[in-house]
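In what follows, a single structure is set out as structure tokens and then discussed.
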Amino acid sequence: MEKEPIIIVQDLLRDQLYDYNTSRTTEWIYPDFPNVNLGNDSYPRVSVTDSDEPASRMTVGTKDEMQTVDIDINVWVKSGIIYERDGEQFEGAKLRDAIAREVVEVLRTHQDTLAAYGLNNYERIGMKTINSEVAEGVLRKQITVRFARPVMD
């Protein structure tokens with residue numbers, strides 16, 4: 001059975017992204033949204049979730065489809081916690097934006113890896129800050145990416 005697209009992206013990000021919370025001993029990239037009552041040690045955090053997956057038939061008379069896979073990648077940061085990397089301090093919006101840029105760079109530079117799993121034609125659809133819908137003191141940035149994936153019978 002082939003891997004789900006969000007798991008492919010999650011695994012790539014786990015392998016490639018720098019975790020600013022160097023004292024953490026658990027994963028920080030998940031295929032779901034964070035629980036509202038997470039402690040400071042659970043941040044920063046990245047969630048990889050399905051957004052949309054429409055498909056169209058490739059040829060008349062076959063079951064083969066070309067799927068469009070849209071994935072939302074959310075970066076979650078707790079305000080007031082300062083992390084250091086290479087002598088530079090990161091906190092709040094600066095940390096959130098740095099991680100978001102790193103996510104985009106990983107996806108942009110690892111298209112061959114993604115294509116090996118059937119996720120082709122990487123496209124970044126958008127990147128936006130979402131301040132509503134989040135708990136006080138939590139900052140969020142959402143990156144929406146799109147891939148084409150052939151499904152052959």
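Before moving on, here are some points about what is shown:
- For the chain, the longest principal axis of the alpha carbon atoms and the long axis of helix 5-16 meet at an angle near 40°.
- Taking each residue as 0.36 nm, the span from Val36 to Ile125 lengthens on full extension beyond its C-alpha to C-alpha distance by 29.3 nm.
- Under the simplified labelling scheme, the Glu136-Glu105 pair shows an inter-label distance of 3.5 nm, with each label point 7 Å from Cα along Cα→Cβ.
- Ignoring lysines fewer than eight residues from Lys78 along the same chain, the ones with Cα atoms less than 21 angstrom from its Cα are Lys94, Lys128, Lys141.
- Taking other C-beta atoms within 10 Å as the exposure proxy, Val104, Val69 rank Val104, Val69 from fewest upward.
- Taking the Cα atoms of region 6-51, the ratio Rg/Rh between the radius of gyration and the Kirkwood radius comes to 0.95.
- Remark: region 66-139 is approximated by an ellipsoid whose semi-axes, taken from the C-alpha gyration tensor as √(5λ), come to 28, 17, 8 Å, largest first.
- Largest-first ellipsoid semi-axes for region 1-84, taking √(5λ) over the Cα gyration tensor eigenvalues, angstrom: 35, 13, 10
- Where chymotrypsin sites (Phe, Trp or Tyr not before Pro) fall in DSSP loop in region 1-89, at most 13 other Cβ within 10 Å: Tyr18
- Annotation for region 40-55 versus region 96-153: alpha-carbon center distance of 9 Å.
- Taking each residue as 0.36 nm, the span from Thr22 to Thr68 lengthens on full extension beyond its C-alpha to C-alpha distance by 13.0 nm.
- C-alpha long axis of helix 92-109 to longest principal axis of the chain, angle in °: 30 degrees
- Within the chain, the percentage of alpha carbon pairs spaced more than 22 angstrom apart rounds to 43%.
- Additional length obtainable on full extension of the chain from Glu53 to Asp112, 0.36 nm per residue less Cα span: 19.1 nm
We did not get these values from a lab; they are worked out from the coordinates using the rules stated. Only a predicted model underlies this, so the values are computations on that prediction, with no experimental measurement involved. So basically every Cβ, Gly included, is an ideal-geometry build from the backbone, and we count neighbours across all protein chains shown.
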